[in-house]
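Asks: So that we are looking at the same thing, I have put the structure below in structure tokens.
The values are calculated or read from the model by the stated rules, or taken from the named source; none is laboratory data. For clarity, every value in this text was computed on a predicted model and none was experimentally measured. Here the Cβ is made from the backbone with ideal geometry for all residues, glycine too, and neighbour counts use every protein chain on show.
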Amino acid sequence: MEEPVTLVERTPLTSSMRRYLALPRRLRRLSAARHLTSSLRGRGSREHIGAPTREPAAIRTATPSASIELVPKECALLVLGCERGILDEVADAESLLLKINAAVDIVRLHGGHIGFARIAFEDLDYRFSPTTNKEFSVLTQQRRFRDGTPEADIHQALAVQSGDIVVRTTRLGAFSTTGLDEQLTNLGVTTLIIAGAHTSGALLSTVREAADRDYRLIVLSDCCVDGDTETHRLLMERVFPRQADILTAASLYMSLAVEKLDKQRYSETDPASQAL
């Protein structure tokens, strides 16, 4: 008599699991090592509650000349807070737009993806905005950033193209009220590059949300701005490096160009590739 066959139900892959499996093997080993180190640190802190505390080690940030290993087709540059109504209140907004456009060109040149997130409200958003939200309750009471008005449009100086991702959000973070995560996952994006305004608002919220979804994160220090320069410096030097690599646009170019140079060297040295 044959024994009954037990069917094992497979758990569907989450977006973060797909991103992990899509990483190159070297980056997967690095990610696993970081997770193990984090777990051991957490365990040690629980087991030695009475142990004397030590000063935290200084956080190492990327220098302008630094570069990291990137796969361009798995990268997406996400531009935040560049609506006309926001940039009208930003000092030297023209310089910021020039730098962001340069970063957009760099990512496009190497085959990466581009996305834009903008805050805009429809009639129902105004009606059902909770009064408990200190910041957004004021915006909705004043009927600001109404969808379809110039104030809520992406600034006309930005190089937006028809194939770019554009999402409308009703909160500071680019994920919680949009389908951005699904769109990025469908494109095979594992690395998210962040730029825009404000560092202490949309950028901070989006970095936290993206980290919780297991994206590899890069923040472009020279393509971000905040009205409070001290808060901007604190986030760039002490907060963001815990979850993201801090690069300049020039460093991003060098990081993305590495793979292209490697492919060129391989094609020049491999006879089989030259025959093709």
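Asks: Checking the condition part of a loop (DSSP other than H, G, I, E, B) and β-branched (Val, Ile, Thr), which residue from Val90, Val104 passes?
Replies: From the options Val90, Val104, the qualifying one is Val90.
Asks: Look through segment 112-148, keep the residues that are surrounded by fewer than 16 Cβ atoms within 10 Å (Cβ to Cβ) and at positive phi, and return whichever of them is modelled with the lowest pLDDT.
Replies: Arg143
Asks: So, Arg143, is that one part of a loop (DSSP other than H, G, I, E, B) and within 20 Å of Arg84 (Cα to Cα) or not?
Replies: Yes.
Asks: Surrounded by 16 or more Cβ atoms within 10 Å (Cβ to Cβ) and under 26 Å from Ala91 (Cβ atoms): which single residue out of Ile165, Ile218 fits that description?
Replies: Step by step, each of Ile165, Ile218 is checked, and only Ile218 is surrounded by 16 or more Cβ atoms within 10 Å (Cβ to Cβ) and under 26 Å from Ala91 (Cβ atoms).
Asks: So, Thr206, is that one in contact (Cβ under 8 Å) with a residue 24 or more places away in the chain and either part of a strand (DSSP E or B) or within 24 Å of Ile106 (Cβ to Cβ) (or both) or not?
Replies: Yes.
Asks: Tally up the residues in segment 73-130 that are closer than 15 Å to Val189 by Cβ, among the basic types (Lys, Arg) and touching a helix residue (DSSP H, G or I) at 6+ places or on another chain (Cβ under 8 Å), please. Lay out the reasoning, then the answer.
Replies: Just the residues of segment 73-130 that are closer than 15 Å to Val189 by Cβ, to begin with: 73-79, 107-108, 110-117.
Keeping just the survivors that are among the basic types (Lys, Arg) gives 73, 108.
Checking the rest, the ones that are also touching a helix residue (DSSP H, G or I) at 6+ places or on another chain (Cβ under 8 Å) come to none.
Qualifying residue count, segment 73-130: 0.
Asks: Going by the conditions given, is Ser200 modelled with pLDDT of 95 or more, more than 23 Å from Ala102 (Cα to Cα), surrounded by 16 or more Cβ atoms within 10 Å (Cβ to Cβ) and out of contact with any His (no Cβ under 6 Å at 6 or more places or on another chain)? Reasoning before the result, please.
Replies: Working: modelled with pLDDT of 95 or more: yes; more than 23 Å from Ala102 (Cα to Cα): no; surrounded by 16 or more Cβ atoms within 10 Å (Cβ to Cβ): yes; out of contact with any His (no Cβ under 6 Å at 6 or more places or on another chain): yes.
Here the answer is no, as Ser200 does not meet what is asked.
Asks: If you don't mind, there's one more thing I want to ask. Examine segment 46-67 for a residue that is at pLDDT 95 or above and surrounded by fewer than 18 Cβ atoms within 10 Å (Cβ to Cβ), and state whether such a residue exists.
Replies: The initial filter retains those residues of segment 46-67 that are at pLDDT 95 or above, namely none.
No, that holds for no residue.
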